[in-house]
Structures are given as C-alpha cells and as structure tokens.
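Here is the structure we will look at, set down as structure tokens.
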C-alpha cells in the first residue's frame, strides 16, 4: 500500500484530527496536566496555534523575550486569554500550516501536531489509532530508506564486487528497545526493523569484508526537539536517565566513528550499541 499524500496534506489531516478530538473534551479535561511539564491541556493547544500568523519580526521578538529556549512559553501566554472553544476555532481556521510551521514542506507542522496530540491523549488516557498514511511514511523513510542505503553501500564495498570491504553504521534508537508506549510506537517499530536488518545483513556480508553495526541513541540534545515544538525536551527528560543528563551529538558521532575505524572495532559486527545514559 502506498500513499501520494504530501507532508502538507498529512499535517492538515493531523491538525483536523486534533481539532475534532479537542472538541470532545470536557472543561475539566482542558485544565488537566499534559505530558509537557507544567502545561495543562489548554496550554499545549495554545502552543500548537501560537506560531500561526507570526511574522519573522514577531518570531524574533518572541525568541528575544523568551531567550530562545522559553519562546514557547511566551507564545502560550499570548494565547492564554482565549477560551477552549476559541482555541479550537482558531486551530480549525489554520489547519494548513503557514509561516514557520510550513517549513520543510510542512514537516514542522506535522511533527508538532503529532507530538502534542499524544501529549494530550496519553495524559487524559484517550488512546489513538495511528493513521495509515503516517505509518507508510515513517516505514518508508526509516526502514526502506535504510535498506536502500545499505544495499548501495554493499555493492560498492563488497569484495565480491571488487571492493575492499568497509563498515556500515546504522542509526537506530533506544526506542527500538523501550517501545515508546503512548507516544511513538510506530517510530520505535521502524527502528526495531533497523536493528533486525543490521544483525541479518552483518551476518550476510561478513565474509565479504563488510562489518555492519548500529548505534541506538536515547535522549540527545539536538535541534530535532525544537522542530517538533519542544526545544527544552532534552533538558526535561535528560535528568531521568541514570547518568542524569541528555546525551550530545558529539557522543553519538564518537560511537559511530569507533565503529568505522577498523583499528579499533575490527572484531565488531552485528552489534547494537545503546547510547541512552543507562535507560
């Protein structure tokens, strides 16, 4: 099964689904705590809509006022006076992402809507069926993409085809092991597939001079959290790890580099290295 929907169309559908769900909430549910620290459900919805109709100058002022990492809180305060009904109406009037949320073809709007949809549903105990289009896209990118890249690498590295061998390092996720219940089970499943492919491919091409391994990062302090509308997510969740902090991109890069260097990892293949601070 395939889908021809664009990212913008998926973002539109995600927001429409969120608006329909919000319209069913009782007054006390709007005031219930969400999964976002210190935010109620109403605060999360205010955040989702707070970047619409925001000019570049308005965005700069918000970032300055919030010192960048607290810009989301500034936006929530700006929409605090709206009632739940008014927030739903505003969301319905802005189902198609515009401005900042339309960046990367609608990816920011899609990720932001998906993340906060779950922040609300999971906190209120309302399960959600993952749309088929979202499953198709995440499996196409994370699983099919990994297979295609690995296949191209094997054809160039394999001694069977005249190559001199080499190393393939897949970037999986700790979610493959943890499952990401109530949040990103689809993402976790896609990374579980990457783990399985890593092990299987490693055994298939070991005799052809190719080592295949994977790193599985946990909470890493990167810009991806900001693109999903949660720039302080790493700071919030990092302390929950036994090491007491989020990881850094440099730490992940060092692990990847170790797998790539034959002088340090020549006997390592089919390995899955957790970089999750002990989680």
(message) Just to be sure I understand: of the beta bridges DSSP finds with both ends in the chain, what percent are antiparallel, rounded to 5?
(response) 10
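What FRET efficiency comes out for residue 144 versus residue 86 if R0 is 45 angstrom and r is the Cβ-Cβ distance? Round to the nearest 0.05.
On the way: r = 42 Å, r/R0 = 0.94.
In this case the efficiency is close to 0.60.
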(request) Mind computing the radius of gyration and Dmax over the alpha-carbon atoms of region 48-117? Å is fine for both. (result) 12.0, 31
(request) Starting from the Cα of residue 237, step 7 Å toward the Cβ, then list every residue of region 144-183 with an amide N under 14 Å from that point. (result) 173-183
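How large is the helix-only mean residue ellipticity at 222 nm for the chain, computed as the sum of -39500 (n - 2.57) over DSSP H runs with n ≥ 4, divided by its residue count, in deg cm²/dmol to the nearest 500? Don't jump to the answer; show the numbers that get you there.
On the way: 15 runs with 150 residues, N = 279.
About -16000 deg cm²/dmol.
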(message) Using 10 Å bins from zero, what percent of all Cα-Cα pairs in region 7-124 falls into each bin?
(response) 15, 48, 34, 4
(request) Give me the angle, in degrees from 0 to 90, between the Cα long axis of helix 56-66 and the longest principal axis of the Cα atoms of the chain, rounded to the nearest 10. (result) 90
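For region 132-275, compute Rg over Rh where Rg is the Cα radius of gyration and Rh is the Kirkwood radius from the inverse mean 1/r over Cα pairs. Walk me through the intermediate numbers first.
Values: Rg = 16.2 Å, Rh = 16.2 Å.
Radius of gyration relative to Kirkwood radius: 1.00.
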(request) State the percent of C-alpha pairs, over all pairs in the chain, separated by a distance greater than 33 angstrom. (result) 31
(message) What do you get for the angle between helix 145-157 and the principal long axis of the chain? Use alpha-carbon atoms, 0 to 90 degrees, nearest ten.
(response) 20
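Only the coordinates and a few stated rules stand behind these numbers; no lab work does. Predicted, not measured: the structure shown is a model, and the values here were computed from it. Here the Cβ is made from the backbone with ideal geometry for all residues, glycine too, and neighbour counts use every protein chain on show.
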